[in-house]
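What follows is a single structure, written as structure tokens, with notes after it.
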4 protein chains.
Amino acid sequence: MKDLKIAVIGYGYWGPNLVRNFTNLENSTVSHVVDESPDRLEKVKKLYPDIDITCSLNQILENTDIDCIAIATPISTHYDIAKKALEHNKHVLVEKPMTNSVKHAKELIELSKKVNKVLMVDHTYLYTGAIQKIKELIDNDSLGEIQYIDSTRINLGLFQSDVNVLWDLAAHDISICTFLLKEDPISVQAIGSSHTESNFEDIAYLTLHYNSNKIVHVNCSWISPVKIRHMLIGGEKKMILFNDLETTEKVKIYDTQYQATKSSNEKKILADYRIGDIHTPKISMREGLSWLAEDFVNSILNNSTPISNYKIGLQVVKILEASQQSIKNNGVEIFLENN
Amino acid sequence: MKDLKIAVIGYGYWGPNLVRNFTNLENSTVSHVVDESPDRLEKVKKLYPDIDITCSLNQILENTDIDCIAIATPISTHYDIAKKALEHNKHVLVEKPMTNSVKHAKELIELSKKVNKVLMVDHTYLYTGAIQKIKELIDNDSLGEIQYIDSTRINLGLFQSDVNVLWDLAAHDISICTFLLKEDPISVQAIGSSHTESNFEDIAYLTLHYNSNKIVHVNCSWISPVKIRHMLIGGEKKMILFNDLETTEKVKIYDTQYQATKSSNEKKILADYRIGDIHTPKISMREGLSWLAEDFVNSILNNSTPISNYKIGLQVVKILEASQQSIKNNGVEIFLENN
Amino acid sequence: MKDLKIAVIGYGYWGPNLVRNFTNLENSTVSHVVDESPDRLEKVKKLYPDIDITCSLNQILENTDIDCIAIATPISTHYDIAKKALEHNKHVLVEKPMTNSVKHAKELIELSKKVNKVLMVDHTYLYTGAIQKIKELIDNDSLGEIQYIDSTRINLGLFQSDVNVLWDLAAHDISICTFLLKEDPISVQAIGSSHTESNFEDIAYLTLHYNSNKIVHVNCSWISPVKIRHMLIGGEKKMILFNDLETTEKVKIYDTQYQATKSSNEKKILADYRIGDIHTPKISMREGLSWLAEDFVNSILNNSTPISNYKIGLQVVKILEASQQSIKNNGVEIFLENN
Amino acid sequence: MKDLKIAVIGYGYWGPNLVRNFTNLENSTVSHVVDESPDRLEKVKKLYPDIDITCSLNQILENTDIDCIAIATPISTHYDIAKKALEHNKHVLVEKPMTNSVKHAKELIELSKKVNKVLMVDHTYLYTGAIQKIKELIDNDSLGEIQYIDSTRINLGLFQSDVNVLWDLAAHDISICTFLLKEDPISVQAIGSSHTESNFEDIAYLTLHYNSNKIVHVNCSWISPVKIRHMLIGGEKKMILFNDLETTEKVKIYDTQYQATKSSNEKKILADYRIGDIHTPKISMREGLSWLAEDFVNSILNNSTPISNYKIGLQVVKILEASQQSIKNNGVEIFLENN
């Protein structure tokens, strides 16, 4: 069976990872890379002499040999490129978030159904060993009812030119929570502040409310001197610290039930800092994007639904859009229509 | 000159630290300890045979030999005990926060002025080497205009029986921000959630807004499996990470200006994680409470104003009261009357 | 039953801990503290008004009310003081190491048998939750045959005036290995270097050889800019990292069998850094010295053998004496007479 | 000017890094890759369709278009391949250590002089930002006279099939010390132990002695459950901790002079853990191998001496050979002929 031919659009920060992973994959070949910068295209040529380079998207769209388009361009361009690609009967993998509006996301989904092509969003985290392990622990009820998820995702810069920090960083957390939890939030609150004339928030705090007394909070910043990737997941039975910057201890499971802390000898617990043992499971070290690429290819070949499907992609955009409304209205609670 | 005689009220979690520090101090003696629990009083007797123990507060109030009362009882009792102590012409050191209402705090302040006795709140953090060093760096403009303070103060339990997590933990951050910043917040927002039938929030997020584009955010939790004490302070020139759990590197100063990240080679910066050098100044290891106790005694002997004075104490209660209003109203912005 | 009366000799670095722990203990009272420095004795008086202070050791020896002597003076003085104490029919707890020569250690042991008094050495580590947990894991064969123990015990200063760094720091590791392992070393090698005119080694490396292919290595330094307390324990089934500076994760158990690394896919393992899960058991947070003090008192009252008995104390001195011989002879292997 | 044509011999663990870096370099092209494994050659073809693959070394040697040979095969094969390459007038970059004997190393050096070709050893560490920064600090006397270097280089496996752990891991430390210090060691001691039937030591401790009272100690292990890359460098003025596993704080400079610890208030210092400030300089994040590759190419084009030249390469083999002698003789001190 011949390889799927993939064209990668955009060879900036993420594009090279797409090229590398699709190249290493069985069943797929990167035939073309599109970018407007000649320098970047030069880099492609040096590393991958067999890949055709061009600055013309149309040329790619017209090329019927190409089966799939992988989009790694700025968010504001996702909709146009994905739309054209689907209209030209190509399968689409689009960088997260899918679009910068719910309206556009829904349009793309309808279109992909109509032309019967795969539309998949690149939420890479869902394919990491850490998130897969946490999903397993939640699904087999090792943690008990989830009470909170508290994420800190801060670092210095790479300012996006066309969106605020939530669209850039919180998109990860929202996709992870959507994937992990069996429940969708009913409302969204967000507060942020900007320290550049661009007026895009470079610091923002997002809160998700649920019908259960779950609460999700995400702390995002582009102007932190230190890089932190902490996600705390509190269950009634056990709690997890997911530290993505750890090499060998990314996921720590705390045998901790905070009910216990209501006993009379709380102070001992305080002095002790924790109640139970800690377990650090071995997790797969496979690069998430490598499995995501494989899932994309398989969903095309087997006509199956990928893990990072458009439903998750749409939910992420819904919540981001609502967060933007909330920020503009000083953190007022925005309720999500759930359909 | 004879030592000041101090009676410590409450020998639970914090009381023993007060007794130890006032005992070690020049110019002061702990003459009495009051607690309702005979067991706790027994502990006092075993360690300090010379200290008189009693379960009767009135006996202490009537005792004209006693110069000062140090209150380490639950928050809801602070007002009554402090009021009686002042009415009996005793100087008062009260555990933070001063009271559970602005009304009561103002009453105590008026009363202390009337009887001309010291009223001081035990905001110990202000006396630590770390906060003193940070204050120095802000005052000599090493950091430049402060853009944000982001604090994470989470751990497992020691649930307070009479207040939520903000009154317990955020009280520290509010006192620190009040001490460090030359500006008071104009409004407060808070969101929280409770996971016990007590309905006191065990997780809460507090945001302070300022006339400048400063933003302060505090993440508090009693139900985290890990203890974290992170305070990020972002200035236009430099940024600080204050990690109170570090033994020798509590305060790290990052020579980082995020403007730089807007240059064209952002991606290099991202790959590099930080722009400049890091400096970790040596700070005093003296126990904060030891210096606070000294400041209390000196403010009495020299009729001077202590660092942790009632103005800071009142401001903390103001913000906590506003945060409670905001929580009850789903995070609506509460504006502070500034007088 | 009346409390045992204990006199503490030496109120420098360690003495205060002895006083505090014996004071808090049931069945024992600290009746006297001896020190040549009036300032130190003042400190005692301020904190413990009921304890008699004196600079005369003889006065203590003659005092027949005193049951026990706890010695916290420089190593070179241990033998004289302990000898006199035993001759005056007092039980003895002596700071580690017991003496600075095997000859003296054996003399004290003989004497303690003759006068039928307890002679115990203060190897506090044996009473910590961490070492007790590791002992349990070795005894129930969770780790399998031990292949190596590798300890790094380095920090800045507190130079001892009368011994080198091995007598100060390695004494801990030797007592721990003697306690944990079912086997005594057959030979000792040590290399060191001095950077002060005192000519006492401030850096030294100790290696112990066993009949099995076990190897123990200890890296000690008084001139390291960072404090490290790492002990790696490699078993055929599992391995342990004991990091004494960790608050909540002192003992990590690695489900790692290095045989596995001989398989063909070594490189995966390398990329992965570890093979199995990590388990961090909850350990007791009780202060080791508190339990040691209790064990001392109980061994007197119940005429039982304490954990940190004179056999371990003697073995530590044997190995230290051999290490000194080896250092003086450029690391030549010194064989231990095993009786 | 046409690119230098490079053939990479061996595409196992390190070979791919050589191919990637020489490919990205100006002035050089990887024209051929040699490996005996068809699978590995397949990987090359998939990633680099333009590179010719072969399992025949002779074919490469005969090919006069090829200017350079980069050798990334097992140590025991270095001598034969390098010798043939030089005899065929090719420049040689050989994986560290250069050879497994001093005799062979000297032969290769003589040969390279005779044929006037570059012979360079791949001691990548010398080209890292961290080591370059430390070299700068030592050369401008920021640290003062160096008193010790203490390195811990332990991890789990990747057992070498033909040498012990010193030839694999300590080779790094020896090359670094040779590069950093203005002084060569006068003698070598090593102790090790093996836990496999291969009888190659998987744990080993190396000590280097100098005419000054410098001491260098290296702790190497293939059977540690944790990966540690700690190098402590103690100078009379300042001390350094180089932690290669840190992302942004690889080099910490401690403003610490241990003389200070001899003052009377040692105990305060101990309680404080360190004396002065810590400075963490920003260092270059460039991949060491990328600069090494460039240095190799430039040394050919400009007929200059590379940083990682054969003198350093020879010194490393000298010390490793001596360490092996010492291990076989229970750690006896082996003196190095210094010419």
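The values are calculated or read from the model by the stated rules, or taken from the named source; none is laboratory data. Bear in mind the structure is a predicted one, so any value in this text is a computation, not a measurement. Using ideal geometry, Cβ is built from the backbone for each residue, glycine included, and neighbour counts are taken over all protein chains shown. The protein model used for the area step is the full one, side chains on, heavy atoms only, and it has no ligands, DNA or RNA in it. Shrake-Rupley method; radii C 1.70, N 1.55, O 1.52, S 1.80 Å.
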* Give me the percent of DSSP beta bridges within the protein assembly as shown that run antiparallel, rounded to the nearest 5. => 55 percent
* Structure fact -> If every Lys and Arg gets +1 and every Asp and Glu gets -1 at its Cβ, then about the Cα centre chain D yields a dipole, in debye to the nearest 20, of 480 debye
* Using the 7 Å Cα-to-Cβ label point, sort the distances from A:N199 to its equivalents in the other copies shortest first and give them in nm to one decimal. => 4.2, 7.9, 7.9
* Structure fact -> If each part is reduced to its alpha-carbon centroid, segment D:154-201 and segment D:104-139 end up apart, in Å, by 18 Å
* **Other copies of D:K84: label-to-label distances in nm, shortest first, labels 7 Å along the beta-carbon direction** => 5.4, 8.1, 9.7
* So what is Rg over Rh here for segment B:92-185, counting just Cα atoms and using Kirkwood for Rh? -> 1.01
* Exam field: B:K135 pseudo-label spacings to other copies (7 Å along Cα-Cβ), nanometres -> 4.7, 4.8, 5.1
* Asked: What pairs in A:K84/A:K311; A:K328/B:K103; D:K113/D:K135; B:K227/C:K237; A:K250/C:K214 have C-alpha atoms more than 30 Å from each other?
  -> A:K328/B:K103; B:K227/C:K237; A:K250/C:K214
* **Cα gyration tensor, segment B:53-212 - rounded (a/c under 1.5), prolate or oblate** => oblate
* Asked: Where both residues lie in segment B:84-236, what percent of DSSP beta bridges are antiparallel, nearest 5?
  -> 70 percent
* Asked: Around D:I223, which amide H atoms from residues at least 5 apart in sequence, or from another chain, sit under 5 Å from its own amide H, with H modelled in the peptide plane?
  -> D:N155, D:G157
* Asked: How many angstrom lie between the C-alpha centres of segment B:275-318 and segment A:50-79?
  -> 61 Å
* Occluded residues from segment B:298-339, i.e. those whose accessible area drops by 10 Å² or more once the chain is not alone (1.4 Å probe) -> B:N330, B:E333
* Using 1/(1 + (r/R0)^6) with R0 = 22 angstrom and r between the beta carbons of C:N213 and C:N140, what's the FRET efficiency to the nearest 0.05? -> 0.50
* **Heavy-atom accessible area, 1.4 Å probe, ligands and nucleic acids excluded: residues of segment D:241-257 down by at least 50 Å² from chain alone** => D:T248, D:E249
* Take the Cα gyration tensor of segment A:90-147, multiply each eigenvalue by 5, square-root it, and list the three semi-axes largest first, rounded to whole angstrom. => 30, 13, 11
* Structure fact -> Reported to the nearest 10 Å², C:R286 has, with a 1.4 Å probe, an accessible area equal to 100 Å²
* To do: Just need the relative contact order of chain B here, percent rounded to a whole number, with Cα pairs under 8 Å and 6+ apart.
  => 18 percent
* First compute the accessible area of chain A with a 1.4 Å probe, then give the percent of it belonging to carbon and sulfur atoms. => 49 percent
* Fraction of beta bridges assigned by DSSP in chain A that are antiparallel (%, nearest 5) -> 55 percent
* Structure fact -> Taking Cα atoms only, Rg over Rh for the protein assembly as shown with Rh from the Kirkwood formula is 0.98
* To do: Take chain D, drop everything but the C-alpha atoms, weight them equally and run the Debye formula without solvent; then report log10 I(q)/I(0) at 0.08, 0.10, 0.14 Å⁻¹ to two decimals.
  => -0.41, -0.63, -1.18
* Roughly how many Å² is the accessible area per residue of chain D, as a whole number, for a 1.4 Å probe? -> 37 Å²
* Express in Å², to the nearest 10, the accessible area of A:H209 obtained by rolling a 1.4 Å probe over the protein heavy atoms while all chains stay in place. => 40 Å²
* Please give every one of the lysines within straight-line cross-link reach of C:K2, meaning a C-alpha to C-alpha distance under 23 Å, and leave out same-chain neighbours fewer than 8 residues apart. => B:K43, B:K45, B:K46, C:K90, C:K117
* Computed on protein heavy atoms with a 1.4 Å probe, what is the summed buried accessible area for the chain pair A and B, in Å² to the nearest 100? -> 4700 Å²
* To do: Check the axis relating chain A to chain D and name the residue of A whose C-beta is nearest, distance in whole Å.
  => A:P49, 3
* To do: Please sort through the DSSP H helices of chain B and keep those with an alpha-carbon extent of at least 24 Å along the long axis and a Kyte-Doolittle average not below -1.0.
  => B:310-328
* Asked: Relative contact order for segment C:1-122: what is it in percent, counting Cα pairs under 8 Å that are at least 6 residues apart?
  -> 22 percent
